[in-house]
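J.: One structure is given below, represented as structure tokens, and several questions about it will come after.
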Amino acid sequence: MSIQNDRWIREQALQGMIEPFSEKQVREGVISYGLSSYGYDLRVSNEFKIFTNVNSAIIDPKNFDERSFVSVEADSVIVPPNSFALARSIEYFRIPRNVLTICVGKSTYARCGIIVNVTPFEPEWEGYVTLEISNTTPLPARVYANEGLCQILFFRGDEPCEISYADRKGKYQKQQGIVLPKL
């Protein structure tokens, strides 16, 4: 596997791998997003689900209670101290059969104690990305919609994978909004 550069990412994006696609890095007055040297900085939409414990629920990935979240649409959102939020990307991704991605956080947010965790986008996965945003600090933290949140790195295999996410009929295939845990 090799990490892919901006030329390869641009070529794939023109074939529909990333929509909408920002062909250059946008940074003026915003947390940067768009094409970078060896990746793509995706933007977070204005749709958020903020974790709350008003119902004293137990977090159970096999039996997730949607009442554990408050849905918010806003230009920015406050993530409570030592808590987290879910969001979705603005960009829709269609990952080629010979590509795997890894998501890493942006240093601007990381330096504020805000960590982004996203599982890899497997070969032939497609959809909007559900993003997990953790506030590791004892203070409330602001996250801005329509700006960069994390960077996606693309790794291209020497040949297509034997069984792709689409072949397995993955449970998060073609997700349209913020998708909660599924069993």
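The values are calculated or read from the model by the stated rules, or taken from the named source; none is laboratory data. These figures come from a predicted structure and were not determined experimentally. Cβ sites come from the backbone with ideal geometry, for glycine too, and all protein chains shown count toward neighbours.
J.: Of all residues in segment 133-160, which are closer than 15 Å to Val72 by Cα and surrounded by fewer than 19 Cβ atoms within 10 Å (Cβ to Cβ)?
T.: Arg142, Tyr144, Asn146 - these are the residues of segment 133-160 that are closer than 15 Å to Val72 by Cα and surrounded by fewer than 19 Cβ atoms within 10 Å (Cβ to Cβ).
J.: For Ser37, which of the numbered conditions (1) in a strand (DSSP E or B); (2) among the polar types (S, T, N, Q); (3) over 18 Å from the mean Cα position of the chain (by Cα) fails to hold?
T.: All conditions are met except number (1).
J.: Additional query: For segment 9-33, enumerate the residues that are more than 26 Å from Ile78 (Cβ to Cβ) and touching a strand residue (DSSP E or B) at 6+ places or on another chain (Cβ under 7 Å). Steps first, please.
T.: In the first step, residues of segment 9-33 are kept if they are more than 26 Å from Ile78 (Cβ to Cβ); the result is 9-25.
Passing the criteria: Ile9, Arg10, Gly16, Met17, Ile18, Glu19, Pro20, Ser22, Glu23, Lys24, Gln25.
J.: Continuing with the same structure: Going by the structure shown, is Pro140 touching a strand residue (DSSP E or B) at 6+ places or on another chain (Cβ under 7 Å) and free of Cβ contacts under 8 Å to residues at least 60 places away in the same chain? Walk me through how you get there before you give the answer.
T.: Values: touching a strand residue (DSSP E or B) at 6+ places or on another chain (Cβ under 7 Å): yes; free of Cβ contacts under 8 Å to residues at least 60 places away in the same chain: no.
No: the conditions fail for Pro140.
J.: On to the next question. Could you list, in sequence order, the residues of segment 86-105 that are over 12 Å from the mean Cα position of the chain (by Cα) and part of a strand (DSSP E or B)?
T.: Our first condition is that a residue be over 12 Å from the mean Cα position of the chain (by Cα); within segment 86-105, this holds for 94-100.
Result: Arg94, Val99, Leu100.
Conditions (1) in contact with a Pro (Cβ under 7 Å, 6 or more places away or on another chain); (2) more than 12 Å from Arg43 (Cβ to Cβ); (3) modelled with pLDDT under 95, marked per residue:
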residue: Leu86; (1), (2), (3): no, yes, no
residue: Ser89; (1), (2), (3): no, no, no
residue: Arg97; (1), (2), (3): yes, yes, no
residue: Ile102; (1), (2), (3): yes, yes, yes
residue: Thr119; (1), (2), (3): no, yes, yes
residue: Asn135; (1), (2), (3): yes, yes, no
residue: Glu147; (1), (2), (3): no, no, no
residue: Ile152; (1), (2), (3): no, no, no
residue: Asp158; (1), (2), (3): no, yes, yes
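J.: Going through Leu153, Leu131 one at a time, which residue ends up being within 15 Å of Ile18 (Cα to Cα), among the aliphatic types (A, V, I, L, M) and either over 11 Å from the mean Cα position of the chain (by Cα) or in a strand (DSSP E or B) (or both)?
T.: Criteria check complete, one pass: Leu153.
J.: Scan segment 63-78 and give yes if some residue there is part of a loop (DSSP other than H, G, I, E, B), at pLDDT below 95, over 19 Å from Asn117 (Cα atoms) and over 20 Å from the mean Cα position of the chain (by Cα), otherwise no.
T.: The first filter runs over segment 63-78 and keeps only residues part of a loop (DSSP other than H, G, I, E, B), leaving 63-65, 74-75.
Filter once more, so that each one left must be at pLDDT below 95: 63-65.
Keeping just the survivors that are over 19 Å from Asn117 (Cα atoms) gives 63, 65.
Going one step further and asking which of them are over 20 Å from the mean Cα position of the chain (by Cα), we end up with 63, 65.
Yes, some residue in segment 63-78 is part of a loop (DSSP other than H, G, I, E, B), at pLDDT below 95, over 19 Å from Asn117 (Cα atoms) and over 20 Å from the mean Cα position of the chain (by Cα).
J.: Further question on the same structure: Taking the criterion of being buried (at least 16 other Cβ atoms within 10 Å of the Cβ), at pLDDT 85 or above and assigned to a strand (DSSP E or B), would at least one residue in segment 51-61 satisfy it?
T.: Taking every residue of segment 51-61 in turn, at least one turns out to be buried (at least 16 other Cβ atoms within 10 Å of the Cβ), at pLDDT 85 or above and assigned to a strand (DSSP E or B).
J.: Is it the case that Thr108 is over 30 Å from Ile163 (Cβ atoms), β-branched (Val, Ile, Thr) and outside any strand (DSSP E or B)?
T.: So Thr108 fits the description; yes.
J.: For segment 14-33, enumerate the residues that are surrounded by 13 or more Cβ atoms within 10 Å (Cβ to Cβ), in contact with an Asp or Glu (Cβ under 8 Å, 6 or more places away or on another chain) and either among the β-branched types (Val, Ile, Thr) or farther than 19 Å from Lys106 by Cβ (or both).
T.: Residues satisfying the conditions are Ile18, Ile31.
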